[in-house]
Amino acid sequence: MSWYCDVAPGHPVHGPYHDEEYGFPLEDDDRLLERLALEINQAGLSWLTILKRREALRRAYRRFEVARVARFRGPDIARLMADASIIRNRRKIEAVVENARRIRALEGSHGSFSAWLAAHHPRPRERWVDLFKATFVFTGPEITAEFLMSTGYLPGAHREDCPVFARLVALEPPWMHAGARR
């Protein structure tokens, strides 16, 4: 996403995310759920809005602990809908909770969400989108692609001339492995 490399560096909110997180490999399931939840919540909104509300989202969703979020029920949904510090969109809230439940199911079949991702890697973007649509909810092409770029499974998070790119490449994200390019 070359434009992000132009606008994010030095920005008080975008800068730290761009420089330290975007495109870097993630393996922790709670962090993966958080990233998926952020992408879901971003739909129709600016990324700046999401980053500014990130701490509130972390508090509201119990630090995105998969096991806890998967147990959310009606009272938890009502609590989230009443929380003015987060994105109060019922479809998005219910999608995050349902996706946490689906990640729990993946733990049974693959051991973890991270292992499920690794088991399906590499694949082209279009096949990832199909897989995510079949496995999760509220995961269209843009949400899926951004999630995968942000977690190192698809290339494109940084331009090759971006100073962060060299640091990212040194970590050998999954997209660098043979056959993993778009």
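Rounded to the nearest 20 debye, the dipole size of region 2-176 about its Cα centre is 900 debye, using +1 on the Cβ of Lys and Arg and -1 on the Cβ of Asp and Glu. Placing unit charges on each Cβ (+1 for Lys and Arg, -1 for Asp and Glu) gives the chain a dipole about its Cα centre, and among H120, F72, Y4 the Cα reaching farthest toward its positive end belongs to F72. Counted by neighbouring Cβ atoms within 10 Å, the residues L32, L148 run from fewest to most as L32, L148. Note on A84 and R71: the model spin-label points, each 7 Å out from Cα along the C-beta direction, lie 3.1 nm apart. 3J(HN,Hα) along region 89-100, derived from phi through the Karplus expression 6.51 cos²θ - 1.76 cosθ + 1.60 where θ = phi - 60°, amounts to 10, 4, 4, 5, 4, 5, 5, 4, 5, 4, 5, 4 Hz, with x in place of Gly and Pro. The order of S112, S150, going from fewest to most other C-beta atoms within 10 Å of their C-beta, is S112, S150. Under the convention that each Lys and Arg Cβ holds +1 and each Asp and Glu Cβ holds -1, the size of the dipole of region 107-182 around its Cα centre is about 140 debye. A simple rule links phi to the HN-Hα coupling: the Karplus curve 6.51 cos²θ - 1.76 cosθ + 1.60 with θ = phi - 60°, which for region 15-30 gives x, x, 5, 4, 7, 10, 10, 5, x, 7, x, 10, 10, 6, 4, 5 Hz, with x for Gly and Pro. For region 37-94 and region 131-176, what is the separation of their Cα centres, given in Å? The distance from the Cα centre of region 37-94 to that of region 131-176 comes to 22 Å.
Only the coordinates and a few stated rules stand behind these numbers; no lab work does. These numbers were taken from a predicted model, which means no experiment stands behind them. No Cβ is skipped: glycine too gets one built from the backbone with ideal geometry, and neighbour counts run over all protein chains shown.
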